[in-house]
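Notes to accompany the following structure.
Read the figures in this text as sums done on the coordinates, not as results from a lab. All of these numbers come straight from a predicted model, not from anything done at the bench. Note that we place each Cβ from the backbone using ideal geometry, even for glycine, and neighbour counts take in every protein chain shown.
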Amino acid sequence: MLTTNSRSEWFISWFDTRYYQMLYRDRDHHEAERFLQRLLLTLDPAAGSKILDLACGVGRHSIFLNKQGFHVTGVDASVNSIAKAAAFRTESLHFAVHDMREPYADQSYDFVFNLFTSFGYFEDPSDDLRVLQAVYKALKPRGRFVFDFFNAEKVRATLVSSETKVVDDIVFSIEREISGGFVIKTIRFVDAGESFVFQEKVRLLSTEDIQSYFAQAGFKVANAYGNYAMQPFAAESSDRLIFIAEKV
């Protein structure tokens, strides 16, 4: 039996599986924390600032930010991820299941973070703009938005078309392609005699595309960085596109 993503939005069914967490469990969480530390030095938030962690997954970054003394709310569309994150709730750390296209709060947050390419998932490009409009609404006046995406130009130049990863005796066959304006990753594997296939689809948004969305949503981009060391963005060589934008 072949089990596929039966729902129209791939990220709901894929992110809610244990296989997603299994495949990506070797991510460098120390690097992520170092990035957040550098980011906080750059932003210099006041003690007790309110942060919305948009597309928070299982809440690792929300938990870290909360430990730095901030009031953090983590939201994600994955019910299973939020269920895991909820075990770490405190008086100043909250989690909720939420669709990022919909406003979560009205002028409640000093900062909104959208980290590690948690954007561009939708078939309708107008939904990407809806995300930014919802972020704008959630921020207090002069609030700032941290947006971390891949550098589309670098992705085009360095895309690895196929690879195999073995995790807990499961062989994940991964294929990548650029098609229809998306970077598409197809993941196939067999577990306990059952075959599975999932896809990840992220819109290949250029710097200009993203800047246009930001302008339409009402943001002013203040800074652009090209990696987690917070070095300046360079279109031809940077791995990441990290914008810090202000609500104006």
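Annotations
- Volume in Å³ per residue [convex hull over Cα atoms, computed for the chain]: 125
- Using distinct alpha-carbon pairs, which all enter the 1/r mean, Kirkwood radius of segment 78-210 in Å: 17.4
- Lysine pair count for the chain [Cα-Cα under 19 Å; pairs on different chains or 8 or more apart]: 14
- The base-10 log of I(q)/I(0) for segment 194-241, evaluated at q = 0.16, 0.26, 0.32, 0.33 Å⁻¹, reads -0.59, -1.06, -1.16, -1.17 [Debye formula, identical scatterers on Cα atoms, solvent excluded].
- At q = 0.09, 0.11, 0.18, 0.22 Å⁻¹ the log10 of I(q)/I(0) for segment 1-116 amounts to -0.26, -0.38, -0.96, -1.32, computed by Debye summation with a single uniform scatterer per C-alpha, solvent ignored.
- For GLU246 and VAL197, a Förster radius of 51 Å and the Cβ-Cβ distance give a FRET efficiency of 0.75, rounded to the nearest 0.05.
- By average C-beta atoms within 10 angstrom, highest first, the peptides 224-230, 52-58: 52-58, 224-230
- Normalised by the number of residues in segment 3-109, the average gap of Cα pairs under 8 Å and 6 or more apart makes the relative contact order 23 percent.
- Test item: Cα-centred dipole of segment 51-126, Lys/Arg +1 and Asp/Glu -1 on Cβ, debye: 420
- Residues whose amide H comes within less than 5 Å of that of GLN231, counting only those at least five positions distant or on another chain, are GLY226 (H built at 1.01 Å from N in the peptide plane).
- log₁₀ of I(q)/I(0) at q = 0.10, 0.18, 0.22, 0.25 Å⁻¹ - segment 148-248, Debye sum with one point per alpha carbon: -0.39, -0.90, -1.10, -1.25
- Estimated FRET transfer efficiency (ALA86, GLU175; beta-carbon r; R0 45 Å; 0.05): 0.85
- Extents of segment 143-188, taken as max minus min of Cα coordinates on every principal axis and listed largest first, are 46, 26, 18 Å.
- In range of the label at VAL155: residues from segment 201-230 whose backbone nitrogen is under 13 Å from the point 7 Å along Cα→Cβ: 201-210
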